[in-house]
1. Got a number for residues in segment 73-96 being under 24 Å from Val53 (Cα atoms) and either out of contact with any strand residue (DSSP E or B) (no Cβ under 7 Å at 6 or more places or on another chain) or part of a strand (DSSP E or B) (or both)?
2. Under 7 Å between Cβ atoms, which residue pairs at least 6 apart in sequence (or on different chains) link something in segment 283-304 that is closer than 21 Å to Thr37 by Cα with a partner that is hydrophobic (A, V, I, L, M, F, W, C) and not in a strand (DSSP E or B)?
3. Suppose we keep only residues that are more than 9 Å from the chain's Cα centre (by Cα) and of a type outside the set (A, V, I, L, M) within segment 126-135. Which one would you say is surrounded by the most Cβ atoms within 10 Å (Cβ to Cβ)?
4. Give segment 287-306 a look and list any residue that's surrounded by 14 or more Cβ atoms within 10 Å (Cβ to Cβ), out of contact with any helix residue (DSSP H, G or I) (no Cβ under 8 Å at 6 or more places or on another chain) and of a type outside the set (Phe, Trp, Tyr), or say none.
5. Just name the residue that is nearest to Thr145 (Cα to Cα) out of those in segment 233-289 that are in a helix (DSSP H, G or I) and of a type in the set (S, T, N, Q).
6. Tell me which residues, restricted to segment 222-248, are over 18 Å from Ala285 (Cβ atoms) and surrounded by 21 or more Cβ atoms within 10 Å (Cβ to Cβ).
7. Out of segment 54-103, which residues are among the charged types (D, E, K, R) and either without any contact (Cβ under 8 Å) to a residue 12 or more places away in the chain or within 23 Å of Gln122 (Cβ to Cβ) (or both)?
8. Which condition breaks for Asp107 when tested against (1) under 10 Å from the mean Cα position of the chain (by Cα); (2) surrounded by fewer than 20 Cβ atoms within 10 Å (Cβ to Cβ); (3) closer than 19 Å to Ser66 by Cβ?
Amino acid sequence: MKHTVISATIASLLALSSAAAMADGPNFYGRLDLSVTNSDTGATTQNGKEGTVLENNFSLLGVNGSEKLFDGVDVIYQMEFQVENTTIEGGNNPFKARNTFLGLKTDYGTALVGRNDTVFKQAEGGVDLFGNTNADIDRLVAGQTRSADGIWYYSPKIADLITLNATYLVADNQADTRDTQYALSATLGDSALKAQNYYVAAAYNDGISGIEAWRGVAQVKLADFKIGGLFQKSESQVSGQSNMEGNSYLVNVAYNLNGVNLKAEYAKDESGLGSYFKNAGVVGANTTDVNVNSYTVGADYRLSKSTLVFGHYAYYEGDYKLLNKNTELKDDNVVTVGLRYDF
C-alpha cells in the first residue's frame, strides 16, 4: 500500500511537471501610471479637465498565457482591464475593457477572437514616443482604435522580415452599422528596433471608428538616436461629416543620453478627426480647412527595471473655418510629470 501511494504521488508530480512544460502561464501583470498635469484648456488631458490635475494614464491589470494543444498548435489567451479606481470617476466604474482575446498560434499564423487594438493602430510600432499620455498621437491622428467582437490574423514572419495582418469586425455584432469594417497592414523589420534597426509599416482602415484611412510609418535606430515619422490620410464616413478629411503627419526623434531618453516631436493634422479637435466641439458639416499643430518635448528615465519617471511639455495651436469664417482654436500649453511602475 505504501509503495502504491508513493508511486501515485510520483506519477502525479510527473503529470503536473509535464503539464507545466506544455503551458506558459497564467502570467499576471499590471501597471500603475500616474502623473500631475497643468493644462490651459483640458482638451488633451485624460479626464478632460483644465488647470492642475492628477491623471491616470491607463493603469491596468492583466493575465495571459498559452498552452500547447499538439505539435504546431498552441492556444493563447489574454484578459486585460484598465484600472480607474485612483480617480473620482473610478469610484463608480473602477474597471474598463482592454485587450481581451482567445486564439490559436500555428505554423501558419496566429488568429485571435475578442477585443484588441486593430492592426491599423498596431502599425504605429514604436513611433508614438509619448504613448498612453496626454501627448499620445491619437490627439491629432485618427484610427487609434481598440475594437471588440472582431477577428485578428497575423501571418508568420516571412523571410524573418515581413508580416501581413488583418482585423475584421463581425458586422452583426456592431450596433452602429451593418457595413463591413476591417483593417489591413504589412510590417517590415522590427518595431522594437532590436532584431533589425529599422521598422516600416503600411496600413489601411475601412469603416472602423467611422473613417477610411491610409497610413505609412517608418522608424530607424542610428547609434543612440531613434528617428521616426508617420503619414496618414483620413476621411470621415459618418453621415453629415464627409467634409472632415485631410492629412495628418508627425516626425520625431529620441536620443539616449546616459540612460536619459530625450524626445521631441512635431505633428500636424488637417482632418480634424483626432481627439484634440473633436474636444473643441466644432466637428460638423460646416467645418472645413482644419489646421492643427502640436510641438512636444520631453524625457524619461528608468530608475529601475520596473520604475519609470517621465515628463513632457506640449503646445497645441490651430484654426479652422466655420461657414467659411476663419476661427482660431484656443492655444493649449500642457506640462506633465509622472511615474510609472510595472509588475
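The values are calculated or read from the model by the stated rules, or taken from the named source; none is laboratory data. In this text the structure is predicted, and so the values were computed from the model without any measurement. As a convention, Cβ positions derive from the backbone with ideal geometry for all residues, glycine included, and neighbour counts pool all protein chains shown.
1. Of segment 73-96, the ones under 24 Å from Val53 (Cα atoms) are 81-96.
From what is left, the residues that are either out of contact with any strand residue (DSSP E or B) (no Cβ under 7 Å at 6 or more places or on another chain) or part of a strand (DSSP E or B) (or both) are 81-83, 85, 88-93, 95-96.
Residues in segment 73-96 being under 24 Å from Val53 (Cα atoms) and either out of contact with any strand residue (DSSP E or B) (no Cβ under 7 Å at 6 or more places or on another chain) or part of a strand (DSSP E or B) (or both): 12 in total.
2. Taking only residues 6 or more apart or on different chains, the pairs are Ser294/Leu140; Thr296/Phe130; Thr296/Ala135; Gly298/Phe130.
3. Filtering segment 126-135 for residues more than 9 Å from the chain's Cα centre (by Cα) gives 126-127, 129-130, 133-135.
The next check asks that each one be of a type outside the set (A, V, I, L, M); those that pass are 126, 130, 133-134.
On the way: Gly126: 17, Phe130: 21, Thr133: 28, Asn134: 26.
Checking each candidate, the answer is Thr133.
4. Within segment 287-306, Thr287, Thr288, Asp289, Asn291, Asn293, Thr296, Val297, Gly298, Ala299, Asp300, Arg302 meet the criteria.
5. Kept after step one, since they are in a helix (DSSP H, G or I), are these residues of segment 233-289: 275-279.
Next cut, of a type in the set (S, T, N, Q) only: 275, 279.
On the way: Ser275: 12, Asn279: 17 Å.
By that ranking, first place goes to Ser275.
6. Narrowing segment 222-248 to residues over 18 Å from Ala285 (Cβ atoms): 222-233, 247-248.
Passing the criteria: Lys226, Gly228, Leu230, Gln232, Ser248.
7. Narrowing segment 54-103 to residues among the charged types (D, E, K, R): 55, 67-68, 71, 74, 80, 84, 89, 96, 98.
Of everything in segment 54-103, those that are among the charged types (D, E, K, R) and either without any contact (Cβ under 8 Å) to a residue 12 or more places away in the chain or within 23 Å of Gln122 (Cβ to Cβ) (or both) turn out to be Asp71, Asp74, Glu80, Lys96, Arg98.
8. For Asp107, the exception is condition (1).
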